[in-house]
Each structure stands twice: as structure tokens, then as C-alpha cells.
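The values are calculated or read from the model by the stated rules, or taken from the named source; none is laboratory data. Just so it is clear, the model here is predicted, and its values are computed rather than measured. FYI the Cβ positions are ideal-geometry reconstructions off the backbone, even for glycines, and counts take in every protein chain you see. The accessibility values were calculated without ligands, DNA or RNA, using every heavy atom of the protein model including side chains. Shrake-Rupley method; radii C 1.70, N 1.55, O 1.52, S 1.80 Å.
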Amino acid sequence: MDIKAGLLNNDKRAAARLISMMENGEPEAVQIIKECYNMTGHARIIGITGPPGVGKSTVTDKLAKQLRKEGKQVGIVAVDPTSPFTGGAILGDRVRMADLNNDPGVFIRSMGTRGALGGLSKAVHGAVKVLDILGMDYIFIETVGVGQSEIDIVKLADTVIMVMVPGLGDDIQAIKAGIMEIGDIFAVNKSDRDDAERTAAEIEAMLDFNRDEEYRPPVLNIIARDSKGIEKLLELVEKHWEYENRSGSYKKKKLNRVRAEIMDIFRDEVMKTLYSISENTNIINELAQKVMDKQMDPYSAADRLIDEFTNNQRNN
Amino acid sequence: MDRPIRVVVAKPGLDGHDRGAKVVARALRDAGMEVIYTGLRQTPEQIAETAIQEDADCVAMSILSGAHNHLFPKVVNLLREKGADDILVVGGGVIPEDDIPGLIEAGIAGIFTPGTPTSVTIDFIKNNIKRK
Amino acid sequence: MFNKEKLEQLKKAHEEWENTVTKAVAKRPERKKEFETSSGIAVKRAYTPADIENLDYDRDLSNPGEYPYTRGVQPTMYRGKFWTMRQYAGFATAEESNKRYKYLLEQGQTGLSVAFDLPTQIGYDSDHALSEGEVGKVGVAIDSLKDMEILFDGIPLDKVSTSMTTNAPASVLLAMYIAVAEKQGVSSDQLSGTIQNDILKEYIARGTYIFPVEPSMRLITNIFEYCSKHVPKWNTISISGYHIREAGSTAAQEVAFTLADGIAYVDAAVKAGLDVDEFGPRLSFFFNSHNEILEEVAKFRAARRLWAKIMKERFKAEDPKSMMLRFHTQTAGCTLTAQQPDNNVVRVAMQTLAAVLGGTQSLHTNSRDEALALPTEDSVRIALRTQQIVAYESGVTETADPLAGSYYIESLTDQIEQKAVEYLNKIDEIGGAAKAIEKGYIQKEIQDSAYKYQKEIEAGERIVVGVNKFQIKESAPKGLLKVDPKVGELQQKKLAELRKIRDNTKVNAALEKLGNAAKGEDNLMPFILDAVKAYATLGEICGVLRKVFGEYQQSIVL
Ligand code: B12
Ligand SMILES: Nc1nc2c(ncn2[C@@H]2O[C@H](COP(=O)(O)OP(=O)(O)OP(=O)(O)O)[C@@H](O)[C@H]2O)c(=O)[nH]1
Ligand SMILES: [Mg+2]
């Protein structure tokens, strides 16, 4: 399969394959993205995050449906945790988006966190680029709002919707400490339940506490299950986008994002080499033996590894 | 291969028997695979499209309600039409032995009936996926 | 119940006995290090009065037919009459299934139990795109009153009691049944039977849901209300643990989740303004019967006791009938194997015994070809005979609750009840069964048990004869039932014709009225009845309701 040609031809299969290749860190994939990089930048990227089970997938599904009504193409990247013990994962977000499955204007991709060496954000970045090149107008990234790497991923978005539910209680306190800052819009989903208004008020109060900038994240009660509040939510997304552009905040964010991405890739490459060297027990055994035999001191041994490392990097 | 195998576990048709599909999904996960579980009542179109977007190595379908002869081959054909015939298709559930040759003929690579240990399914998928 | 001093002596002696045996066991080990039931209850080497020292006969057991009904809901139990023998059946067309029902009645079956095909259970007509390949496959296809008339042709509805496994569209099929009876000249107050009508377990374990929780609960309470006035002998719901167990739960989970659903229905009906003693007596239950006979017997007893307490203490019911847990039982399909299928006859016999010792009111026995296909006539006959043999030849029917007082049984009954209560508390904490389902909590608990069970079999820790031990080489089974693939076409033709000849203005008017009523708060039963009588199809009726109510989205937590 000629992936690049396929991608340029809007072939979903080619796009899907390319996402896998990015996820698996295959160099050819990077090459293709390099060649097509100029085509990125069209899509609006929306992060959807929040605690487990609050309705992130449902919200994503409904937002996507609304955008489809407006004729927009929608990409979705949904991240679920990989089991640290087996490396396997059950990726279940799609279940909530089943009727989007055969909509030709929608592309949904599930992804496991996989965990090893923080490759996740690179994989998500990769998937978003592919979907962007594929011509999507909006790309949603759904991820559970726990853990640093998940938060990093969501930072990739132009607008982050933090989904909450009534009665989170103590959870809100915990969230406050960590991820309150990253929400551009707060959606209190499942507002069919008691205490919806109170939860919204609590969040408002917390925002008072946290922010004193020009943009004040709105808090909105929605019932995603019944598509209630979805249009309004999209309006808020647009408003946020306008603000970002008007205030110049977008440019700043974007620059930071690109910087972060470069650093990510850099760190990743370094880690990979580091990993391959530390896995190379031959060299290490050899050096250890030398240190044992007093032919070498541990400092020089480590220096040797650093030489090894730089050589390795050059050869890459 | 160090990347995880990706499998779409799907329930085509109106059949609500999902105990087996869920057991199989979990077993595949515990064998280190990434499992995309579709939930109930999927049409062949939805399954084929999911498999493609997820770049699955394998589509594993479960039917216990007797609609297998109708639904399994449909998925295979749709994958073929979409140029995705390198995706391994397997099926399981209550499937009379008489029906198995026809299903294999139609392109289902393996059929797993009641009593099959999940390890057999896992090995089959590992050994038969077409992309390495 | 025991003399304190005597008990102390006894405990001491037993302790000594345990010590000696433990020493012997050190040399010659028992088969397993630990023994436990399906519910994870540790099983001791032997049970003594000490294990039931707190048992209070009046409070915990009482006489058969007396609160808390642990020993059964009737004073005479099977000395009066046997349980209803009721084989779940239906396939292909109404004509075909009608023949099977008549055969079963001739063979001495005492009630009917209708299995519908999946399109009928999910509210699609046979000509709907999603019905393709499914029509008549696993039950009878019913599209309109026409089919229902054929299904019960020549079967006097004032004489047989009919159980219908229908849930989401229960009101539609019940309306059709009432309409057929009317045509036979049987008024609705003479009808007896059951509709399953238990939507919560569809979300949990069975999968034939249509509408979201709230409108579904409304349909259910509408039926409660309508039947209490017009079909008073009808069991308006069969709150089912059967499917929960088949999906993989343990015995204790089966009790817990079923009763949690039961509580949710009572809550909903009370909230809708019904009096608990008005509908309480019409609630019925449906349980599974597995191979572990003693745990099963304890399970049935625990369920009865717990429900009685719930109705009396939680819901303040006053009518004893509201407190009586009456139940149908089916033997455990998931224990039946595709390998050496004749062995299944033995399993079903054990399960039958468990159900009868547990005091069931009616019973379906599965056939030996369970894991292969729908049963053949021969297989169904053996299954029915199994019940008849237990009824007429075993002698266990001659006295009520024969295992009462067994140290082990009473102790197990207590422990299962206790485990169930723990679950019920947890579910109350979550906010009730509906919320626990939405969260996927109940499903997850069941799936965990199912997965554990599967792994135990694969590890050889749990033996299933013929599957992971005592296997033989077998050739493909012969003579399985095959449903004619033409059934779909046949039904479609019938439908096309019906749509041509019926009075479509009348149909549309009835459907429109139903749609409007659905938007309001009226009881929908009369509107559905009118639509059914105008020969609106099941799919049309459910379609109107789908538009107003929306559809349920599955919760999956794997
Ligand atoms: C459990 C069960 C149920 C439960 C389902 C609970 C649930 N959530 O899954 C309940 C009680 C709800 C149920 C209901 C019905 N059932 Co049922 N049920 C069974 C039963 C007894 C066991 C199935 C089971 O779960 N076994 C345990 C699991 C672990 O095994 P398994 O699914 O077979 O999976 C194994 C293999 O088959 C294989 N496998 C399965 N799927 C897959 C998928 C892949 C990809 C792979 C690789 C392998 C694989 O690997 C698994 C591990 O070994 C079977 C009979 C039997 N003994 O097989 C009837 C059976 C399937 N049911 C049947 C029927 C008719 C029904 C109903 C339609 C009846 C009706 N008219 O209402 C209803 C409706 C269900 C619906 N909504 O579709 C019939 C189907 C007849 C047919 N095909 O011709 C059967 C065969 C019984 C019979 N002989 O009549 N049922
Ligand atoms: N009552 C109510 N339930 C909702 C609403 N929106 C979603 N749900 C339900 O909440 C449950 C979880 O929804 P999901 O969309 O899967 O939640 P999620 O946040 O994506 O879950 P994870 O990806 O597992 O973290 C499902 O049962 C939904 O049907 C709502 O507005 N009201
Ligand atoms: Mg999700």
C-alpha cells in the first residue's frame, strides 16, 4: 500500500495505517508526516477530558453529530489506559459513538496509553496530524483526566472542555489541585441529576479562586445523553476560539505547543537511545567487570556510555 | 513483533449474548492485545468501518443467535470491497458444525465453538494475523 | 434452638474432632486445599448445630406458607399440586410454533411459554433492515395481531396459562394477547399468565432493550396499573435473575441483583402513586438452577426470606401475598456442553431436583442439545420427562422444604442472604439499581465472575465433564433442529399483504394518538391496545415510541 498517496487521496485505510505506524514509532511514518507537514494546521483541535465515566465519549459523540449537521468533517482520537501488567487494553470509547461508525465524514481512532517511555503524546500528536492532513475540520481528543501524560496530551488542544458531573464532591477538591487550570470550558454533564446547579456553582467558585485573567472559563450544565446543551457548548467553543485569536493568546499557546512538541520528540529520541544502551547488557557487563578489576573507575565507565550514546545518536 | 496486536471484538446483528464475547475480549487483553469492543447490535458496515479506522489486525465476531451464515460473510465481503482483505476475520459462538465449511469458504479464517479454551483463540490469532 | 450447655460441649467435641482430622489430612491430603461454593462461600469439612446456633425457627424459617416464607409460599407445597411444567418454546412462524405448543400440551405440559425471535423482542418488524437474517431464528416472529391469532389458534386462552418472554415491547404483546382472547370470547379478567417485562435485567444481562430507563419504567408501571384493573390474574412482571446468572454471576449475586431490580420496580410503582399491596401480589420472579444442588436450594430459600423482609420492612406491605416470592425456574443452560451432549440430561436432572427442593412454582428444563441449536422435539420430550420423573418418582415432593434444618443448608441460606444484603447496601449507596447499571457496576461484577469461571475451567481448577476432563473423540452431532431460512421472506410477504388490506387510516390515527399520549403522562396501555386491534404492527408501534422516547445506550465497563 502506498500510504502517502493514499493519505493524499483521502483514503481512510491509509490514514489508519499511518496512525498505527506513528504509534509504533516507525521511521517511515515520520518521513511521510515530514513531507506532508505543510498540509497540517487546518483542523480545530478540541480536548475532552475529565474523570472516568463522566460522559466524555457521549459529549464527544453529540458534538460530532452536531458538527456533522453543519457539514464539518470530524476526527476523534480516544485514549484509554493500557494495563501496565499485560500491555493489553480494552478500548471502549467507541461504543458511545457507534452510530458515527458508518458516517463517511467521521474518523474515530482508539488508542491505548501503552505507557512505555511516554510515547503516548507523540502517538496522539501523530494521529492528530494524520487526521488533519486527511482534511478533518475538527479533531477531538478524548482522554481521562488523570495522570500527567494525559494532561500533557490535552494541552495539545486549541480548546479544552473539562467534563464534570453533579456530586463529584471530594473529587472536585482533588481535581482542583491538579487539572482545574487546563479547562477552557467546564461542562457539568448529567445535569438531569440532583445537585447539578450546585456543582456548577462550586466550580464557578473554584474558578474565582484560581483565575484572574481576562478570559473566564464558562461553566455550563448539559445533559449529553439527551443532546441537551450541546449546541450551546459548541457556541462556547467558538467563543473561546474567538477570544484566543483576538487576544493573541492562541499564537502564544501555539508557539508553546510547538516548543513542547519539539522537546517531546527530542526527549523521546534520547530516551530511546538511552534505553537501547541500558538494555545492552554486554557493554554494561564489560564495563562492570573492568571496574571490578580496577581497570577503570565508575565515572569513566559512565563517560564511556555517554560516548556510546552520542555515537548512537549521530548514526540515527 | 513488539507492537500490540489490535483486535476488534464485535457483536453483529441483534444477538444479545455477550458473555462469551466479553470473556474473549478480556482474555485477548490479558494476552497483551489492544481490544476494541464494539458493544451489541452492530451492522456489518459498522464493523468493517471500525476495523478499518482502527487499523485492526483481526476482526473477531461472536454470534449465538443463528444469524452467522448471513452476517459473517457480509463483513468479510465489505472488508474486501474496502481493500482490507489483509485483516484476519474469525468468529465464534453457537455455530453448527455443518455450517463451518461454508463459513471458512466465505473467508472466515477460524470458527470457535462452545468449550474452546480462550488460549486456543489467542494462539490462532497470534499465528494467523497477516501483517507482522 | 439449642441448649446452651449442650452446645458448648458439642463445640468442644467438634474442635477435637477437627484437630484429629486435620492431623490425618496432613498425611493424606484432601482433594483440594480449600473448598468453596460458586459464591465463594468457604465450605467446611462438616457442619454442626454450632453453625446455626443463632437460628430462630419462628423468625428465620417458620412453617411453610408463613412469613418469612423461607420454607415455601404454600403450606402444602407439592402435596397440593406440582409446579407448572412450562417449556420455553417458539421458532420460525406462528404456524410452526402453534404446532409445537399443541404437541407440548399433548405431552402433559401444563402451561405455555412463548419465545419470540429477536426482531420481535427488539421492536422491529420482519421487513426491517436490521431483522435481516434474524427472522424466526431463535423464536417465533410476531409482526401483528394476525400472527398472534395464528400462534394461539385452537388453544383456549381461558384454560392455559401463558408466559411470554417479552420485555421492552411487553405492553404491545400483552395487548395482542388480550385482543386474541377477546376474539376467542375470553374476557381479559379470565386470562392468566406472565410477561417478563423486566427491563433492568435486559440492560444488565439480556440485551433486548429498546428505550432508555425512564420511559421503560413508565411503560412497566403503566402495565402494573392497567392489569390490576383489567387483567387481575396476570403476573405483570417476572423479575429475573436467570439471565444474570447465565451471564456469569454467582448464586449470591443472582439473588442480590434480582432483588435490587425488584426494589427499583416497587420504588417506581410507588412513586407513580400505586399502592404496594395493589401490585405487590402480582410480582413474580425467575431464577436459575445450577449443578451445585445444595447452594441452589439455599439460594431459593434465602431469596424468599429476604424479599419477604424487604416488602414488609422497607415497603410496609401488609398483604402477605405481597411478601411471597413466587418464582419460575429454568435449569442452567450455561452448564450444558456441546461435548457429549447426552450428559446434559444428567445435569438437568440435578438442576431440576435443586429447583424442586428449593420450592419453585414452575420450571423449564433445558434440552440436551442446548449448546448446539434450538431443541428438537425428541430432546424437549426428554427434558419434560425429567421433570415428570422428579415429580412422580423421586419422593422429594411429598413434604415441604425437606432440607430445612440441615446444618449446612441453613448455614448456607444465612450466608447467601448476608452476601446479598451486602450487595443491596452497596447498590443503595450508589443510588439504586438503575444508577448501578448506568455506572456499569452490576455488569462489571457479573463479568468478573464470568471471567473467573472461564479461567478456572481453563486452568483445570474447575472440572466440566467432557470439556476439560473425560473427553472423547466425537463426530458432528446429527439431526439438529434447523430453522428454514425462508421464514424471513414468508413473514415479509405476510406483512406486505397486511399493510395492503388493513384500514390504514385507522392505523395511522391510532398511532398518532399513541404518539401524543407518549408525550404526555397517560397510561399507554389503552392506546397500544387500540393500535394493536387496528392491526398496526409491532414495529410501527415501537417505532412511534422510539421517536418519542429515544433509545437506550449500553453501558460497558470491561
Ligand atoms: C448464556 C446464554 C444466554 C444468556 C446470555 C447472557 C449474556 N449476557 O451473554 C441469556 C439467558 C440472556 C440468553 C438469552 C437468550 N438465548 Co441464550 N444461551 C446461553 C447459553 C446457555 C450459553 C452461552 C454462553 O454464554 N456460554 C458461555 C460462554 C463463555 O461461551 P460462548 O459464548 O459459547 O463462547 C465460547 C465459544 O463459543 C467461543 N466464542 C464465542 N464467541 C466468540 C467470539 C470470538 C471472536 C471467538 C474467537 C470465540 C468466541 O469462545 C468462548 C469461550 O470458549 C447458550 C447455550 C450454550 N450452552 O452454549 C444459549 C443459546 C445461545 N441461547 C439461545 C437462545 C435462543 C436465546 C434467546 C434468543 C431465547 C429467546 N428466544 O428469547 C435469548 C435472547 C438473547 C438475546 N438477547 O439475544 C440459543 C440459540 C439457538 C441457536 N443459535 O440456534 C442457545 C444456543 C440455547 C438453545 N439451544 O436454545 N441466553
Ligand atoms: N444520566 C446521564 N447519564 C449520562 C449522560 N451522559 C452520559 N451518560 C452516561 O454515563 C455513562 C458513561 O458515559 P461515557 O460517555 O462512556 O463516559 P466517559 O467519560 O467517556 O467514560 P470513560 O471513557 O470510561 O472515562 C454512560 O452510561 C452514559 O450513558 C447524561 O447526560 N445523563
Ligand atoms: Mg469514554
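At-a-glance table
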{"item": "Enumerated helices (runs of 4 or more DSSP H) restricted to region A:179-297, each holding at least 3 residues that are open to solvent by 90 Å² or more (accessible area, probe 1.4 Å) and acidic (Asp, Glu)", "result": "A:230-247"}
{"item": "The listed residue being open to solvent by 50 Å² or more (accessible area, probe 1.4 Å), within 14 Å of chain B (Cβ to nearest Cβ) and modelled with pLDDT of 95 or more, out of C:Glu370, C:Glu393", "result": "C:Glu370"}
{"item": "Some residue of region C:340-361 being of a type in the set (A, V, I, L, M), outside any helix (DSSP H, G or I) and within 27 Å of C:Thr194 (Cα to Cα)", "result": "no"}
{"item": "Among residues of region C:506-557, those that are within 14 Å of another protein chain (Cβ to nearest Cβ), hydrophobic (A, V, I, L, M, F, W, C) and open to solvent by 20 Å² or more (accessible area, probe 1.4 Å), counted", "result": "4"}
{"item": "Scan of region B:66-79 for residues that are more than 11 Å from chain C (Cβ to nearest Cβ) and either open to solvent by 40 Å² or more (accessible area, probe 1.4 Å) or without any contact (Cβ under 8 Å) to a residue 24 or more places away in the chain (or both), ordered by number", "result": "B:Asn77"}
{"item": "Which listed residue is open to solvent by 10 Å² or more (accessible area, probe 1.4 Å), within 11 Å of chain B (Cβ to nearest Cβ) and modelled with pLDDT under 95, from A:Met97, A:Met1, A:Met39, A:Met111", "result": "A:Met1"}
{"item": "Scope region A:4-36; condition away from chain B (no Cβ under 14 Å) and open to solvent by less than 30 Å² (accessible area, probe 1.4 Å); matching residues", "result": "A:Ile32, A:Ile33, A:Cys36"}
{"item": "Count of region C:21-50 residues which are open to solvent by less than 40 Å² (accessible area, probe 1.4 Å) and either part of a helix (DSSP H, G or I) or hydrophobic (A, V, I, L, M, F, W, C) (or both)", "result": "6"}
{"item": "Of the criteria (1) in contact with a strand residue (DSSP E or B) (Cβ under 6 Å, 6 or more places away or on another chain); (2) at the interface with another protein chain (Cβ under 9 Å from one of its Cβ atoms), which one B:Asn128 fails", "result": "(2)"}
{"item": "Qualifying residue in region B:98-120 (condition: under 20 Å from A:Asp11 (Cβ atoms) and either within 8 Å of ligand 1 (Cβ to nearest atom) or not hydroxyl-bearing (Ser, Thr, Tyr) (or both))", "result": "no"}
{"item": "Complete set of residues in region B:97-111 that are farther than 19 Å from B:Ala56 by Cα, without any contact (Cβ under 8 Å) to a residue 24 or more places away in the chain and either among the hydrophobic types (A, V, I, L, M, F, W, C) or open to solvent by less than 30 Å² (accessible area, probe 1.4 Å) (or both)", "result": "B:Ile100, B:Ile104"}
{"item": "Of all residues making up region C:305-346, the number that are more than 19 Å from the chain's Cα centre (by Cα) and within 16 Å of ligand 1 (Cβ to nearest atom)", "result": "10"}
{"item": "Evaluation of B:Asp57 against (1) among the acidic types (Asp, Glu); (2) buried (at least 24 other Cβ atoms within 10 Å of the Cβ); (3) at the interface with another protein chain (Cβ under 9 Å from one of its Cβ atoms) (one fails), failing number", "result": "(3)"}
{"item": "Residues of region A:42-58 that turn out to be more than 13 Å from every other protein chain (Cβ to nearest Cβ) and within 16 Å of ligand 3 (Cβ to nearest atom), as a count", "result": "6"}
{"item": "Region B:30-54: number of residues that are more than 16 Å from A:Ile19 (Cα to Cα) and either in contact with a Cys (Cβ under 9 Å, 6 or more places away or on another chain) or away from chain A (no Cβ under 13 Å) (or both)", "result": "1"}
{"item": "Some residue of region A:131-147 being open to solvent by 20 Å² or more (accessible area, probe 1.4 Å), within 12 Å of the chain's Cα centre (by Cα) and modelled with pLDDT of 80 or more", "result": "no"}
{"item": "Helices (runs of 4 or more DSSP H) fully within region C:117-236 counting 2 or more residues that are away from chain B (no Cβ under 13 Å) and open to solvent by 10 Å² or more (accessible area, probe 1.4 Å)", "result": "C:145-151, C:170-184, C:213-230"}
{"item": "Failed condition for B:Lys82, given (1) of a type in the set (D, E, K, R); (2) touching a Leu at 6+ places or on another chain (Cβ under 9 Å); (3) in contact (Cβ under 8 Å) with a residue 12 or more places away in the chain; (4) open to solvent by 50 Å² or more (accessible area, probe 1.4 Å)", "result": "(2)"}
{"item": "C:Ala247 being more than 27 Å from C:Ala298 (Cα to Cα) and either within 16 Å of ligand 2 (Cβ to nearest atom) or touching a residue at least 12 places away in the same chain (Cβ under 8 Å) (or both)", "result": "no"}
{"item": "Checking B:Ile125 against (1) buried (at least 20 other Cβ atoms within 10 Å of the Cβ); (2) in contact with a helix residue (DSSP H, G or I) (Cβ under 7 Å, 6 or more places away or on another chain); (3) outside any loop (DSSP other than H, G, I, E, B), the condition it does not meet", "result": "(2)"}
{"item": "Qualifying residue in region C:82-96 (condition: on the phi > 0 side of the Ramachandran plot, open to solvent by 40 Å² or more (accessible area, probe 1.4 Å) and away from ligand 3 (no atom under 16 Å from the Cβ))", "result": "no"}
{"item": "Test: residue in region A:216-238 that is touching a Ser or Thr at 6+ places or on another chain (Cβ under 7 Å) and farther than 24 Å from A:Val59 by Cα", "result": "no"}
{"item": "Subset tally (residues that are under 28 Å from C:Met85 (Cα atoms) and away from ligand 1 (no atom under 13 Å from the Cβ)) for region C:109-136", "result": "4"}
{"item": "Flag for B:His17 being open to solvent by 10 Å² or more (accessible area, probe 1.4 Å), at pLDDT 95 or above and at the interface with chain C (Cβ under 10 Å from one of its Cβ atoms)", "result": "yes"}
{"item": "Residue count for region A:51-80, restricted to those that are open to solvent by 10 Å² or more (accessible area, probe 1.4 Å) and away from ligand 2 (no atom under 13 Å from the Cβ)", "result": "8"}
